[in-house]
Amino acid sequence: MAARAYWQGQIRLALVSIPVEIYAATKSGARISFNQIHEPTGKRIAYEKVVPGIGPVDRDEIIRGYEVSKGNYVLLGDDEIEAVKVESKRTLELVQFVDADEIDPLYYEKPYYVAPQDELAEEAFIVLREALRKAKKIALGQLSVRGQEKLVAIKPCGNGLLLETLRYADEVKQGQSFFREIGAEKPKKELLDLATALIDQRSAPFDASEFHDRYADALQKLIEKKAKSKTGKKILEEVEEPASKGSNVIDLMAALKQSVGQPGKAAAKPASKAPTTTRKRKSS
(Lines give C-alpha, C1' and ligand atoms only; values in the text may rest on other atoms or scores of the structure.)
Protein backbone atom coordinates (compact mmCIF):
# COMPACT_ATOMS: atom_id res chain seq x y z
CA MET A 1 0.00 0.00 0.00
CA ALA A 2 1.35 3.42 -0.99
CA ALA A 3 2.02 5.82 1.85
CA ARG A 4 -0.76 8.31 2.45
CA ALA A 5 0.23 11.97 2.36
CA TYR A 6 -0.25 13.91 5.60
CA TRP A 7 -0.67 17.13 3.57
CA GLN A 8 -0.73 18.15 -0.07
CA GLY A 9 -0.33 21.69 -1.29
CA GLN A 10 2.36 24.10 -2.34
CA ILE A 11 5.39 25.69 -0.77
CA ARG A 12 5.56 29.35 -1.77
CA LEU A 13 8.73 31.42 -1.77
CA ALA A 14 7.86 34.96 -2.91
CA LEU A 15 6.36 34.43 -6.41
CA VAL A 16 7.56 30.82 -6.76
CA SER A 17 5.11 28.03 -5.89
CA ILE A 18 6.22 24.39 -5.59
CA PRO A 19 3.56 21.63 -5.42
CA VAL A 20 4.60 19.16 -2.70
CA GLU A 21 3.42 16.23 -0.62
CA ILE A 22 4.26 15.78 3.06
CA TYR A 23 4.56 12.33 4.67
CA ALA A 24 5.03 11.22 8.28
CA ALA A 25 8.70 10.37 8.90
CA THR A 26 8.11 8.25 12.02
CA LYS A 27 5.94 5.33 13.08
CA SER A 28 4.83 3.99 16.42
CA GLY A 29 6.96 0.86 16.11
CA ALA A 30 6.44 -2.17 18.32
CA ARG A 31 4.75 -0.47 21.24
CA ILE A 32 2.77 -2.82 23.42
CA SER A 33 -0.54 -1.60 24.76
CA PHE A 34 -2.79 -3.24 27.33
CA ASN A 35 -6.54 -3.43 27.93
CA GLN A 36 -8.10 -3.61 31.37
CA ILE A 37 -9.66 -7.04 31.93
CA HIS A 38 -12.09 -8.36 34.54
CA GLU A 39 -9.94 -11.18 35.98
CA PRO A 40 -12.71 -13.57 37.10
CA THR A 41 -14.36 -13.65 33.65
CA GLY A 42 -11.47 -12.65 31.37
CA LYS A 43 -13.69 -10.09 29.66
CA ARG A 44 -12.68 -6.55 28.72
CA ILE A 45 -13.92 -3.74 30.96
CA ALA A 46 -16.19 -1.16 29.30
CA TYR A 47 -16.55 2.44 30.44
CA GLU A 48 -19.75 4.41 30.74
CA LYS A 49 -20.09 8.18 30.59
CA VAL A 50 -21.63 9.16 33.91
CA VAL A 51 -22.52 12.34 35.81
CA PRO A 52 -22.04 12.23 39.61
CA GLY A 53 -25.46 12.00 41.27
CA ILE A 54 -27.23 11.37 37.96
CA GLY A 55 -25.66 8.26 36.46
CA PRO A 56 -25.12 7.24 32.80
CA VAL A 57 -25.87 9.88 30.14
CA ASP A 58 -26.61 9.72 26.42
CA ARG A 59 -23.86 10.64 23.98
CA ASP A 60 -25.99 13.39 22.39
CA GLU A 61 -26.19 15.14 25.78
CA ILE A 62 -22.40 15.62 25.91
CA ILE A 63 -20.72 18.85 24.77
CA ARG A 64 -17.25 20.25 25.40
CA GLY A 65 -16.42 22.68 28.18
CA TYR A 66 -13.39 24.73 29.26
CA GLU A 67 -12.87 25.07 33.02
CA VAL A 68 -12.44 28.76 33.91
CA SER A 69 -12.52 28.17 37.67
CA LYS A 70 -13.04 25.17 39.93
CA GLY A 71 -16.29 23.52 38.79
CA ASN A 72 -17.23 26.37 36.42
CA TYR A 73 -17.10 25.75 32.67
CA VAL A 74 -17.59 27.70 29.47
CA LEU A 75 -19.68 25.37 27.30
CA LEU A 76 -18.89 25.16 23.57
CA GLY A 77 -20.84 23.41 20.84
CA ASP A 78 -19.15 21.65 17.92
CA ASP A 79 -20.41 24.29 15.49
CA GLU A 80 -18.84 27.08 17.57
CA ILE A 81 -15.48 25.31 17.63
CA GLU A 82 -15.64 24.57 13.90
CA ALA A 83 -16.32 28.25 13.17
CA VAL A 84 -12.99 29.41 14.62
CA LYS A 85 -10.81 26.66 13.12
CA VAL A 86 -8.07 27.96 10.87
CA GLU A 87 -8.93 27.39 7.23
CA SER A 88 -6.99 24.42 5.87
CA LYS A 89 -4.98 26.42 3.34
CA ARG A 90 -3.08 24.60 0.65
CA THR A 91 -0.13 26.98 0.74
CA LEU A 92 2.87 26.91 3.05
CA GLU A 93 4.58 30.27 2.71
CA LEU A 94 8.23 30.49 3.70
CA VAL A 95 8.43 33.76 5.64
CA GLN A 96 11.84 33.64 7.35
CA PHE A 97 15.22 31.90 7.20
CA VAL A 98 17.45 31.20 10.21
CA ASP A 99 20.85 29.60 10.80
CA ALA A 100 20.74 25.82 11.13
CA ASP A 101 21.90 25.86 14.76
CA GLU A 102 19.74 28.78 15.89
CA ILE A 103 16.66 26.78 16.91
CA ASP A 104 16.86 25.18 20.36
CA PRO A 105 16.18 21.41 20.13
CA LEU A 106 13.45 21.88 22.78
CA TYR A 107 11.24 23.44 20.12
CA TYR A 108 11.39 20.51 17.68
CA GLU A 109 8.32 18.29 17.82
CA LYS A 110 7.69 15.86 14.94
CA PRO A 111 9.44 15.22 11.57
CA TYR A 112 7.88 14.81 8.13
CA TYR A 113 9.35 14.14 4.68
CA VAL A 114 8.63 16.62 1.89
CA ALA A 115 8.71 15.50 -1.75
CA PRO A 116 7.73 17.20 -5.05
CA GLN A 117 4.21 16.35 -6.15
CA ASP A 118 5.22 15.58 -9.74
CA GLU A 119 8.02 15.92 -12.27
CA LEU A 120 6.97 19.46 -13.18
CA ALA A 121 7.59 20.56 -9.57
CA GLU A 122 10.95 18.82 -9.30
CA GLU A 123 13.16 21.55 -10.78
CA ALA A 124 11.92 24.28 -8.41
CA PHE A 125 12.03 21.79 -5.52
CA ILE A 126 15.71 21.00 -6.19
CA VAL A 127 16.57 24.70 -6.47
CA LEU A 128 15.02 25.37 -3.04
CA ARG A 129 16.75 22.34 -1.51
CA GLU A 130 20.19 23.30 -2.80
CA ALA A 131 19.74 26.99 -1.96
CA LEU A 132 18.97 26.08 1.65
CA ARG A 133 21.97 23.74 1.70
CA LYS A 134 24.33 26.35 0.26
CA ALA A 135 23.12 29.10 2.60
CA LYS A 136 23.12 26.68 5.60
CA LYS A 137 19.70 28.01 6.52
CA ILE A 138 16.40 26.60 7.76
CA ALA A 139 13.13 27.95 6.33
CA LEU A 140 10.25 28.85 8.66
CA GLY A 141 6.55 29.02 7.91
CA GLN A 142 3.12 28.17 9.33
CA LEU A 143 1.19 25.17 8.07
CA SER A 144 -2.61 25.05 8.36
CA VAL A 145 -3.85 21.48 8.65
CA ARG A 146 -6.86 19.83 10.28
CA GLY A 147 -8.07 23.05 11.84
CA GLN A 148 -4.76 23.92 13.47
CA GLU A 149 -1.89 26.18 12.51
CA LYS A 150 1.53 24.70 13.12
CA LEU A 151 4.88 26.48 13.13
CA VAL A 152 7.25 24.47 10.91
CA ALA A 153 10.93 24.40 9.94
CA ILE A 154 12.18 23.04 6.60
CA LYS A 155 15.73 21.91 5.80
CA PRO A 156 17.50 19.68 3.25
CA CYS A 157 17.39 15.90 3.87
CA GLY A 158 19.23 13.79 1.31
CA ASN A 159 17.51 14.34 -2.05
CA GLY A 160 14.41 15.73 -0.35
CA LEU A 161 13.38 18.12 2.39
CA LEU A 162 12.61 17.49 6.03
CA LEU A 163 9.77 19.45 7.64
CA GLU A 164 9.65 19.52 11.43
CA THR A 165 6.77 20.92 13.43
CA LEU A 166 7.90 23.29 16.17
CA ARG A 167 6.42 24.07 19.57
CA TYR A 168 5.28 27.65 20.13
CA ALA A 169 7.08 29.69 22.80
CA ASP A 170 4.31 29.26 25.38
CA GLU A 171 4.56 25.47 25.07
CA VAL A 172 8.19 25.29 26.27
CA LYS A 173 9.19 25.49 29.92
CA GLN A 174 12.30 27.54 30.63
CA GLY A 175 15.12 25.59 32.26
CA GLN A 176 16.47 28.33 34.53
CA SER A 177 14.13 27.44 37.39
CA PHE A 178 15.36 23.82 37.34
CA PHE A 179 19.06 24.73 37.09
CA ARG A 180 19.10 27.64 39.55
CA GLU A 181 20.85 25.78 42.38
CA ILE A 182 23.48 24.05 40.23
CA GLY A 183 26.95 25.55 40.65
CA ALA A 184 28.58 27.44 37.77
CA GLU A 185 32.19 26.84 38.85
CA LYS A 186 34.64 25.05 36.53
CA PRO A 187 35.93 21.58 37.50
CA LYS A 188 39.60 20.79 38.09
CA LYS A 189 41.57 20.47 34.84
CA GLU A 190 42.65 16.88 35.52
CA LEU A 191 39.06 15.78 36.16
CA LEU A 192 37.89 17.52 33.00
CA ASP A 193 40.71 15.93 30.93
CA LEU A 194 39.84 12.46 32.22
CA ALA A 195 36.13 12.93 31.49
CA THR A 196 36.97 14.22 27.99
CA ALA A 197 39.23 11.21 27.37
CA LEU A 198 36.39 8.89 28.40
CA ILE A 199 34.02 10.65 25.99
CA ASP A 200 36.60 10.34 23.18
CA GLN A 201 36.98 6.60 23.84
CA ARG A 202 33.26 6.01 23.51
CA SER A 203 32.60 8.31 20.57
CA ALA A 204 31.23 6.75 17.37
CA PRO A 205 28.90 7.69 14.49
CA PHE A 206 25.23 7.57 15.50
CA ASP A 207 23.36 4.48 14.32
CA ALA A 208 19.81 4.20 15.70
CA SER A 209 19.68 0.47 14.82
CA GLU A 210 22.32 -0.17 17.50
CA PHE A 211 19.79 0.68 20.22
CA HIS A 212 16.73 -1.34 21.20
CA ASP A 213 13.87 -0.88 23.63
CA ARG A 214 14.93 -3.60 26.08
CA TYR A 215 11.76 -3.27 28.14
CA ALA A 216 9.52 -3.77 25.08
CA ASP A 217 11.61 -6.78 23.99
CA ALA A 218 11.38 -8.38 27.44
CA LEU A 219 7.65 -7.65 27.64
CA GLN A 220 7.05 -9.26 24.23
CA LYS A 221 8.93 -12.39 25.34
CA LEU A 222 6.87 -12.51 28.54
CA ILE A 223 3.61 -12.24 26.54
CA GLU A 224 4.69 -15.03 24.18
CA LYS A 225 5.74 -17.25 27.08
CA LYS A 226 2.49 -16.58 28.97
CA ALA A 227 0.42 -17.25 25.83
CA LYS A 228 2.04 -20.70 25.48
CA SER A 229 1.64 -21.51 29.17
CA LYS A 230 -1.31 -23.76 30.00
CA THR A 231 -1.19 -23.26 33.76
CA GLY A 232 -2.15 -19.59 33.93
CA LYS A 233 0.41 -19.11 36.70
CA LYS A 234 2.37 -15.91 37.02
CA ILE A 235 5.79 -15.84 35.38
CA LEU A 236 8.17 -13.73 37.43
CA GLU A 237 11.72 -13.44 36.19
CA GLU A 238 14.29 -11.63 38.28
CA VAL A 239 16.01 -8.81 36.42
CA GLU A 240 19.72 -8.60 37.01
CA GLU A 241 20.79 -5.69 39.16
CA PRO A 242 23.40 -3.31 37.73
CA ALA A 243 26.98 -3.69 38.92
CA SER A 244 27.38 -3.07 42.64
CA LYS A 245 26.97 0.62 43.30
CA GLY A 246 28.85 0.65 46.59
CA SER A 247 28.83 3.96 48.38
CA ASN A 248 27.21 7.01 46.81
CA VAL A 249 30.26 8.99 47.92
CA ILE A 250 33.03 7.90 45.58
CA ASP A 251 36.52 9.10 44.74
CA LEU A 252 35.67 10.86 41.46
CA MET A 253 39.30 11.06 40.34
CA ALA A 254 39.87 7.32 40.93
CA ALA A 255 36.59 6.39 39.24
CA LEU A 256 37.42 8.44 36.13
CA LYS A 257 40.94 7.02 35.93
CA GLN A 258 39.59 3.49 36.22
CA SER A 259 36.92 4.20 33.58
CA VAL A 260 39.45 5.55 31.09
CA GLY A 261 41.63 2.50 31.72
CA GLN A 262 38.69 0.16 31.01
CA PRO A 263 36.93 1.52 27.88
CA GLY A 264 35.03 -1.72 27.36
CA LYS A 265 33.11 -1.48 30.62
CA ALA A 266 29.52 -0.22 30.45
CA ALA A 267 29.68 1.47 33.84
CA ALA A 268 32.44 2.73 36.05
CA LYS A 269 33.09 1.03 39.38
CA PRO A 270 34.11 3.10 42.37
CA ALA A 271 37.69 2.82 43.56
CA SER A 272 36.62 1.28 46.85
CA LYS A 273 33.34 -0.32 47.77
CA ALA A 274 31.41 0.40 50.89
CA PRO A 275 30.62 -2.57 53.16
CA THR A 276 27.92 -4.69 51.56
CA THR A 277 24.61 -4.79 53.40
CA THR A 278 21.69 -7.08 52.75
CA ARG A 279 18.46 -5.20 52.12
CA LYS A 280 15.20 -6.73 53.16
CA ARG A 281 12.34 -6.31 50.75
CA LYS A 282 9.34 -4.50 52.10
CA SER A 283 6.22 -6.55 52.01
CA SER A 284 3.50 -5.05 49.83
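The values are calculated or read from the model by the stated rules, or taken from the named source; none is laboratory data. Small disclaimer: the values here were computed from a predicted structure and weren't measured. Note that we place each Cβ from the backbone using ideal geometry, even for glycine, and neighbour counts take in every protein chain shown.
One residue is enough: does region 47-66 have a residue meeting the conditions under 21 Å from GLU164 (Cα atoms), of a type in the set (Gly, Ala, Ser) and part of a loop (DSSP other than H, G, I, E, B)? I'd like the intermediate steps shown before the answer.
As a first pass, look at region 47-66 and keep what is under 21 Å from GLU164 (Cα atoms): none.
No, the conditions are met nowhere in region 47-66.
Can you name the residue in region 41-84 that is under 28 Å from GLY147 (Cα atoms) and among the acidic types (Asp, Glu) and, of all such residues, is surrounded by the most Cβ atoms within 10 Å (Cβ to Cβ)?
Taking the candidates together, the pick is GLU80.
Any residue at all in region 105-117 that's out of contact with any strand residue (DSSP E or B) (no Cβ under 7 Å at 6 or more places or on another chain), surrounded by 10 or more Cβ atoms within 10 Å (Cβ to Cβ) and under 21 Å from GLU171 (Cα atoms)? Lay out the reasoning, then the answer.
Let us first name the residues in region 105-117 that are out of contact with any strand residue (DSSP E or B) (no Cβ under 7 Å at 6 or more places or on another chain), namely 105-106.
Next, only the ones that are surrounded by 10 or more Cβ atoms within 10 Å (Cβ to Cβ) stay: 106.
Those left that are additionally under 21 Å from GLU171 (Cα atoms): 106.
Within region 105-117, one or more residues are out of contact with any strand residue (DSSP E or B) (no Cβ under 7 Å at 6 or more places or on another chain), surrounded by 10 or more Cβ atoms within 10 Å (Cβ to Cβ) and under 21 Å from GLU171 (Cα atoms).
Which one of the conditions (1) surrounded by 10 or more Cβ atoms within 10 Å (Cβ to Cβ); (2) within 24 Å of SER28 (Cα to Cα); (3) without any contact (Cβ under 8 Å) to a residue 40 or more places away in the chain does ARG214 fail to meet, given that it meets all the rest?
The one condition ARG214 does not meet is (1).
Kindly indicate which of GLY183, GLY141, GLY158, GLY147 is under 27 Å from ARG90 (Cβ atoms) and loosely packed, with under 10 Cβ neighbours inside 10 Å. Lay out the reasoning, then the answer.
Details: GLY183 fails: under 27 Å from ARG90 (Cβ atoms); GLY141 fails: loosely packed, with under 10 Cβ neighbours inside 10 Å; GLY147 fails: loosely packed, with under 10 Cβ neighbours inside 10 Å.
GLY158 is the lone residue from the list that is under 27 Å from ARG90 (Cβ atoms) and loosely packed, with under 10 Cβ neighbours inside 10 Å.
Counting only residues that are among the small types (Gly, Ala, Ser) and either in a helix (DSSP H, G or I) or touching a strand residue (DSSP E or B) at 6+ places or on another chain (Cβ under 9 Å) (or both), how many does region 201-241 have? Explain how you work it out, then say what you get.
Pass one, region 201-241, residues among the small types (Gly, Ala, Ser): 203-204, 208-209, 216, 218, 227, 229, 232.
From the residues that got through so far, the ones that are either in a helix (DSSP H, G or I) or touching a strand residue (DSSP E or B) at 6+ places or on another chain (Cβ under 9 Å) (or both) too are 208-209, 216, 218, 227.
Final tally of qualifying residues: 5.
Take the residues in region 35-46 that are assigned to a loop (DSSP other than H, G, I, E, B) and either under 32 Å from the mean Cα position of the chain (by Cα) or among the aromatic types (Phe, Trp, Tyr) (or both); name whichever of them is nearest to LYS221 (Cα to Cα).
Just the residues of region 35-46 that are assigned to a loop (DSSP other than H, G, I, E, B), to begin with: 35-36, 39-42, 45-46.
Narrowing the set further to residues that are either under 32 Å from the mean Cα position of the chain (by Cα) or among the aromatic types (Phe, Trp, Tyr) (or both) leaves 35-36, 45-46.
Values: ASN35: 18, GLN36: 20, ILE45: 25, ALA46: 28 Å.
Filtering region 35-46 for residues that are assigned to a loop (DSSP other than H, G, I, E, B) and either under 32 Å from the mean Cα position of the chain (by Cα) or among the aromatic types (Phe, Trp, Tyr) (or both), the one nearest to LYS221 (Cα to Cα) comes out as ASN35.
Tally time: how many residues in region 69-97 are small (Gly, Ala, Ser), free of Cβ contacts under 8 Å to residues at least 40 places away in the same chain and in a loop (DSSP other than H, G, I, E, B)?
First, pick out the residues of region 69-97 that are small (Gly, Ala, Ser): 69, 71, 77, 83, 88.
Next, only the ones that are free of Cβ contacts under 8 Å to residues at least 40 places away in the same chain stay: 69, 71, 77, 83.
Checking the rest, the ones that are also in a loop (DSSP other than H, G, I, E, B) come to 71, 77.
Total meeting the criteria: 2.
Mind checking whether some residue in region 23-34 is of a type outside the set (Asp, Glu) and either over 30 Å from ARG214 (Cα atoms) or assigned to a strand (DSSP E or B) (or both)?
Quick first cut of region 23-34, residues of a type outside the set (Asp, Glu) only: 23-34.
If we keep only those that are either over 30 Å from ARG214 (Cα atoms) or assigned to a strand (DSSP E or B) (or both) as well, we get 23-24.
Yes - at least one qualifying residue is present in region 23-34.
Given (1) modelled with pLDDT under 50; (2) among the charged types (D, E, K, R); (3) surrounded by 13 or more Cβ atoms within 10 Å (Cβ to Cβ), identify the lone condition not met by ASP251.
(1)
If LEU92 satisfies all but one of (1) more than 27 Å from the chain's Cα centre (by Cα); (2) within 30 Å of LEU15 (Cα to Cα), what's the number of the condition it fails?
Only one criterion in (1) more than 27 Å from the chain's Cα centre (by Cα); (2) within 30 Å of LEU15 (Cα to Cα) is unmet by LEU92, namely (1).
Go through region 7-36 and count every residue that is at pLDDT 90 or above and surrounded by 10 or more Cβ atoms within 10 Å (Cβ to Cβ).
Residues flagged as at pLDDT 90 or above and surrounded by 10 or more Cβ atoms within 10 Å (Cβ to Cβ) within region 7-36 amount to 17.
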